[in-house]
Amino acid sequence: MPPRPGDLLVLADSDTGTAPLKPADLKLGADPYLGWALDPNDKVPRDGTRLNQILLMRFDPSSLTDREKAWAVDGVVAFSAICTHQGCTVTYWLTAPQVLECPCHQSQYNPRDAAKVVGGPAPRPLPALPLKMAGGLLVVAAPFTDRVGGEQQTY
Ligand code: FES
């Protein structure tokens, strides 16, 4: 089951287990965090497929474009971690150009601008996961904005 509206978020690699994330849990300008949606009822992460992996980053809200601001909350942005080229997991953060990069064929995405493709062979942006805040926690506001996965899925 992919992330659904009302889901909470957790880090994939965390000492805090399945503690739902607050914006302050994500360091401003840090490397991307890998996370999962968390079913709010049974508190089980939706980690049954790597296609559900979520990239989370936190920026100064004033540095986001208007279309990114519509999906972000308190500067936190969320995207599918699956590259739209051939489906590798996007893991690199290049600090000088401030872009996400896929390790397989170096597609680059701008997380401050709806993960727009700014380099490499990716044919479309990373799908965004719109967020909202409830009770001080990060909450999924809507499903991924586009189909998750690579156009030529090989990974
Ligand atoms: S799979 Fe990401 S650039 Fe090719």
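Bear in mind that the values in this text are calculations on the coordinates, not laboratory data. Small disclaimer: the values here were computed from a predicted structure and weren't measured. Backbone-built Cβ (ideal geometry, glycine too); neighbour counts: all protein chains shown.
Looking at the square roots a ≥ b ≥ c of the eigenvalues of the Cα gyration tensor of the stretch 7-119, which shape do they give, rounded for a/c under 1.5, prolate if a/b is larger than b/c, or oblate? Since a/c reaches 1.5 but b/c is at least a/b, the shape of the stretch 7-119 is classed as oblate.
If only the Cβ of Lys and Arg carry +1 and only the Cβ of Asp and Glu carry -1, the dipole of the chain around its Cα centre is close to 260 debye. Here the label points at ASP113 and ASP74, each 7 Å from Cα along the C-beta direction, are separated by 2.8 nm in the simple model. Exposure proxy ranking for HIS85, HIS105, based on other Cβ atoms within 10 angstrom of each Cβ and starting from the fewest, stands as HIS105, HIS85. The ALA24 and GLN106 beta-carbon pair, evaluated with R₀ = 35 Å, returns a calculated FRET efficiency of approximately 0.60. Candidate cross-link partners of LYS27 among the aspartates and glutamates, defined by an alpha-carbon separation under 13 Å and a same-chain spacing of 8 or more, comprise ASP60, ASP74. Each label point was placed 7 Å from the Cα along the Cα-to-Cβ direction; for MET1 and ASP146 their separation is 2.7 nm. Taking a Cβ cut-off of under 14 Å around PRO45, the surrounding Lys, Arg, Asp and Glu residues balance to a net charge of -1, with basic ones at +1 and acidic ones at -1. When peptides 98-104, 141-147, 44-50 are ranked by their average number of other Cβ atoms within 10 Å per residue, the highest-first order is 98-104, 141-147, 44-50. Counting other Cβ atoms within 10 Å as a rough exposure proxy, the listed residues MET133, MET1 run MET1, MET133 from fewest neighbours to most. Using R0 = 25 Å, the C-beta based FRET efficiency linking VAL44 and ASP13 works out to 0.90. When peptides 21-29, 60-68 are ranked by their average number of other Cβ atoms within 10 Å per residue, the highest-first order is 21-29, 60-68.
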